[in-house]
Amino acid sequence: MEFGFLGLGIMGKAMAINLLRHGFKVTIWNRTLSKCDELVQHGASVGETPATVVKKCKYTIAMLSDPSAALSVVFDKDGVLEHINGKCYIDMSTVDADTSSKISEAIKAKGGYFLEAPVSGSKKPAEDGQLIILAAGDKALYDEVLPAFDVLGKKSFFLGEVGNGAKMKLVVNMIMGSMMNAFSEGITLAERSGLNPGTLLDVLDLGAISNGMFKLKGPTMLQNSYSPAFPLKHQQKDMRLALALGDENAVSMPVAAAANEAFKKARSMGLGDLDFSAVHETLKAPDHSS
Ligand SMILES: NC(=O)C1=CN([C@@H]2O[C@H](COP(=O)(O)OP(=O)(O)OC[C@H]3O[C@@H](n4cnc5c(N)ncnc54)[C@H](OP(=O)(O)O)[C@@H]3O)[C@@H](O)[C@H]2O)C=CC1
Ligand SMILES: O=CCCC(=O)O
């Protein structure tokens, strides 16, 4: 099976390499072309534009930063729409349901097929083919690309109509972002009240709220180390989109709103490109230490 792949950031690079390792042919495109070089070493071909990739490949996957990037790659000159007739497009970026629906409608109007398939799981699960895939849209296309999803992920869900994958992803990340803030406050409270934060991590890990994120991020947060697996700017984007979903559905989300403020503050401190656990640094800012 041959796949096009648009967007070689932290996630896209790992996912495209996985496909190549498992024998898929992959033609790549990235806005910053130099990021293609490493994948060429792994056997990828390079397309000059999203349009040329779609023209060449029956299936094209996208893994782009946000709604604006996802729309631009589809609708701009030399974009996906130009050669989509009869082709299949799978957008795995985290976007809101409206963005996904706009892309879906435009692709279908031009005779193409569309699946949204955002993922849960970060850099390491992407490298290990252990993502959780939250697909929605064209069920026949979902069934066709399952061999690729089986390589990229440990479990795929088909959630029905376009928008449901996007919504599920935003709900999950809204919970994750709120948890990260509570965790960060807990670590800071332990430290400031004279406790050993390492012991806090041990205690948490033995109890009912033990979880993979605390286990993975706790030790690096104690070292003030925030090498990006999931960039903070993307977590804040997901909080913002989840809060908009809450607005639409009249769901009061004071905890998520407070978490969003903390991520915004972290961005204003220049921490957007660090891992989302760098929100911990907002608690060390002067107005928290007096
Ligand atoms: N990192 C993670 O743990 C996870 C991320 N996600 C989601 O996956 C998506 C990608 O995340 P990640 O790989 O971490 O992000 P990165 O920031 O590492 O990569 C973003 C990608 O989007 C491209 N891009 C940005 N703006 C544009 C644009 N206007 N036109 C074309 N391309 C553009 C970038 O190109 P360029 O190289 O030129 O900048 C790059 O390829 C996001 O939606 C994120 O929320 C989902 C699950 C986990
Ligand atoms: O969108 C990013 C999710 C990161 C994760 O699930 O660990």
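We did not get these values from a lab; they are worked out from the coordinates using the rules stated. Being a predicted model, the structure only gives us computed values, none of them experimental. Here the Cβ is made from the backbone with ideal geometry for all residues, glycine too, and neighbour counts use every protein chain on show.
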Legend entry - Highest-first arrangement of 209-216, 25-32, 277-284, where packing means the average Cβ count within 10 Å: 277-284, 25-32, 209-216
Inset, instruction - Starting at the first residue of the stretch 113-122, write each ³J(HN,Hα) from the Karplus equation 6.51 cos²θ - 1.76 cosθ + 1.60 with θ = phi - 60°, in whole Hz, x for Gly and Pro. - result: 10, 9, 9, 9, 7, x, 10, 9, x, 10
Legend entry - Prolate/oblate/rounded call for the stretch 167-288, Cα gyration tensor, a/c under 1.5 rounded: prolate
Legend entry - Rounded to 5, percent antiparallel among DSSP beta bridges of the stretch 2-160: 15
Inset, instruction - Can you tell me what the convex hull of the Cα atoms of the stretch 2-160 projects to on average, as an area in nm²? - result: 7.7
Legend entry - Share of alpha-carbon pairs per 10 Å distance bin for the chain, given as whole %: 7, 28, 33, 21, 10, 2, 0
Inset, instruction - Rank-order 57-67, 167-177, 91-101 by packing density, defined as the average count of other C-beta atoms within 10 Å over each peptide's residues, highest first. - result: 91-101, 57-67, 167-177
Inset, instruction - Please list, in chain and number order, the residues 5+ apart from Leu131 or on another chain whose amide H is under 5 Å from its amide H, with Hs placed from the backbone. - result: Gly153, Lys154
Inset, instruction - Please list the non-local residues whose amide H lies under 5 Å from the amide H of Lys87, H modeled 1.01 Å from N, same-chain partners needing a gap of 5 or more. - result: Tyr113
Inset, instruction - Any chance you could give the angle, 0 to 90 degrees and rounded to 10, that helix 97-109 forms with the longest Cα principal axis of the chain? - result: 0
Legend entry - Percent antiparallel among DSSP beta bridges (both partners in the chain, rounded to 5): 15
Legend entry - Three-way shape label, the stretch 148-210, alpha-carbon gyration tensor, a/c 1.5: prolate
Inset, instruction - Let me know the shape class of the stretch 217-259, please: from the alpha-carbon gyration tensor, a ≥ b ≥ c as square roots of the eigenvalues, rounded when a/c is under 1.5, otherwise prolate if a/b is greater than b/c, or oblate. - result: prolate
Inset, instruction - Measure nothing fancy, just the Cα-based angle from helix 164-192's long axis to the longest principal axis of the chain, in degrees from 0 to 90, nearest 10. - result: 20
Legend entry - Long-range HN-HN contacts of Val46 with modeled amide H, under 5 Å: Ile28
Inset, instruction - Would you count, across the stretch 167-288, every pair of lysines whose alpha carbons are under 12 angstrom apart, provided the pair is eight or more residues apart or spans two chains? - result: 4
Inset, instruction - Just flag the GluC sites (Glu not before Pro) in the stretch 38-91 sitting in loop per DSSP whose Cβ has no more than 15 other Cβ atoms within 10 Å. - result: Glu48
